Each structure stands twice: as structure tokens, then as C-alpha cells.
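The values are calculated or read from the model by the stated rules, or taken from the named source; none is laboratory data. The structure displayed is predicted, hence computed values, not measured ones. Glycine gets a Cβ as well: all are built from the backbone with ideal geometry, and neighbour counts include every protein chain shown. Accessible surface areas use protein heavy atoms only, side chains included; no ligands, DNA or RNA. Shrake-Rupley method; radii C 1.70, N 1.55, O 1.52, S 1.80 Å.
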Amino acid sequence: MSTTQVVWTVVVIVAVLVVLAFVVTALRKRRTEQNKARAAELRGEAVARTPEVTESQRRAQETEALAQVARAEAERAEQKALDARQGLQFEEARREDVLREADRIDPGVDNTSDDYVPTTPGTQATDTTDDSARPGPGQHRADPTSRE
């Protein structure tokens, strides 16, 4: 190859590279402009949704406030239930104290035994009846004073 041919080949290659660089730059610029336009569209959509977001925030805050009220009411109800359970325990203890006092002064009750349980009205302290002698459901115990 001659020097002239080499020079022309280099000039052509450089020219092609320059044209290629201009094309690539133009394509990048075009893509950048398209991206800017798309970003502006997306920002516009986001701005258009602002009222929906604001309404959702308001509903979320309102719901949270209702939840806080419900939690406070539940805590108050739980405290009332706890107070009621404590009152029940106190009343049961007072009742048992009265029953124990009654059993203590009743000569027919052995309140010193290991298996002692306070008697309640309607029960006997020394129940010696056999369970098999008790009437079943729907049956009545025969009254020993009645004549059938």
C-alpha cells in the first residue's frame, strides 16, 4: 500500500469515527431528553395523586385515633374485670371465714381433720352416704317419713 492510500484509509477511518461519535452523542442527547420528559410525566402523575395520599393519611390517622380509644377502653374494661375478680376473691374469703367460724362452733363438725373442707348450707360436714345410694338424674330420694 502506498502512503497516499494509508493516509486516505486513516482519514476515512477517522471520519467514520467522528460521524459515529456524533451519532452516539445525538442518540444520548435524544435519550436524555426522552428521560427528562418521562420524568416530568411521572412527577405530574405523582402531583395528581397528592389528594388521594392526603386522604389516605387522614383516614390512617383517624383509624389510629380510634384504635387508641379502643385500647384505652379495653384497658379500663380489663381493670374493671380485675377489680371484680379481686372483689369476688374477697367475698369468697369472707364467706369461707364465716363458714369456718360456723364449723368451729358446731359440735357436729370436725374442723381439725386433715381433709376438712368448710361446709356450705345444704351440705353435711360428715357426709357418710355412699354415692351409689344417691339418686341419679331424674330420680328422687325416697322420703323415709312418707308411705308409698
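Among residues other than G44 whose Cβ falls under 14 Å from its Cβ, what is the net charge (Lys/Arg +1, Asp/Glu -1)? Show your work: numbers first, answer last.
On the way: positive: K36, R38, R43, R49; negative: E41, E45.
Surrounding charge for G44 is +2.
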If you plug each phi of the stretch 69-78 into the Karplus form 6.51 cos²θ - 1.76 cosθ + 1.60 with θ = phi - 60°, what whole-Hz ³J(HN,Hα) values come out, in order, with x for Gly and Pro? 4, 5, 4, 5, 5, 5, 5, 5, 5, 5
Integer Hz, Karplus 6.51/-1.76/1.60 couplings in order for the stretch 103-111, x for Gly and Pro: 5, 5, 8, 7, x, x, 10, 8, 8
FRET efficiency, K80 to I105 (Cβ-Cβ, R0 30 Å, nearest 0.05): 0.20
What does the charge count around R95 come to, taking other residues whose C-beta lies under 13 Å from its C-beta (Lys +1, Arg +1, Asp -1, Glu -1)? -4
Mind grabbing the accessible area of S2 for me, 1.4 Å probe, Å², rounded to tens? 50 Å²
Can you tally the net charge around T25? Count Lys and Arg as +1, Asp and Glu as -1, for every other residue whose Cβ sits under 13 Å from the Cβ of T25. +3
